[in-house]
Amino acid sequence: MTLLYPIENSLYVNITNLCCCKCVFCVRNFTDSVGGSDSLWLDHEPTIEELKSELEKFNLDDYEEVVFCGYGEPLMRINEVVEFATYIKSKKNIKTRVNTNGLSDLIHKKKTAVLLKDAIDAVSISLNAPNKEVYLKVTQPAFGIKSFDAMLDFAKDCKTCVKEVCFSVVDEISDKEIQESQELATSLGIPLRVRIKSN
């Protein structure tokens, strides 16, 4: 069971396989692993103690950041993300990042960005589309059409309590939709990164 895995200068945390979206481009639809890791499918949701034990196998001095991003939506377990990130920072003052679909507020039925304050240094949010209709088609969220606006609200909240916030889109959408996504991101004062499908 792979809980931590390195990719280049980053150490990734595979904290859950749970997710509230069924994105058409999701890497786990095509492969069991990323970046040469072993299978990222978990046989159970790992405990904090299991994660701490696994961390002992790695030297944090070898990495520039720790990234919460595995085969699930990390903020499904937002309390565990914050607890483990806080523990990591107690070991070394290393950058911590969460890659998320941004639907944490809907998952937990409350405002959640503030919980990341101090524990998480950067948040990358999957914008995925320039409007709610395309978003619904591409991301297929369990919460339906309200998901897009909830994701944008989460992003705005993150700007007030997290040092770095960015959006990402996958080149699954058209060039026109990518341009429109860029315009939306710019209007919110949040940088946008275009990701290559299945990467």
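Bear in mind these aren't lab numbers, they're just calculated from the coordinates by the rules spelled out. Keep in mind it's a predicted model, so treat the numbers as computed, not measured. Note that we place each Cβ from the backbone using ideal geometry, even for glycine, and neighbour counts take in every protein chain shown.
Summary table below
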read-out	value
Semi-axis lengths, Å, region 4-195, gyration tensor of Cα atoms, sqrt of 5 times eigenvalues	26, 18, 16
The chain: calculated mean residue ellipticity at 222 nm from DSSP helix runs of at least 4, using -39500 (n - 2.57)	-9500 deg cm²/dmol
Along the chain, longest interval not containing exposed GluC sites (Glu not before Pro), exposed being DSSP loop plus at most 16 other Cβ atoms within 10 Å	65-199
For the chain, size of Cβ-based charge dipole, Lys and Arg +1, Asp and Glu -1, in debye	560 debye
Region 4-195, relative contact order [Cα under 8 Å, separation at least 6], %	20 percent
Amide H partners (placed H, <5 Å) of Leu18, local residues excluded	Glu73
Paired Rg and Dmax values of region 1-101, which use every Cα atom, in angstrom	12.8, 38
Order of His44, His108 - criterion: other Cβ atoms within 10 Å of each residue's Cβ, fewest first	His44, His108
Ratio of Rg to Rh over region 48-102 (Cα coordinates, Kirkwood Rh, two decimals)	0.94
Debye-sum result for region 113-199 in log10 I(q)/I(0), which assumes one identical scatterer on each alpha carbon, at q = 0.21 Å⁻¹	-1.00
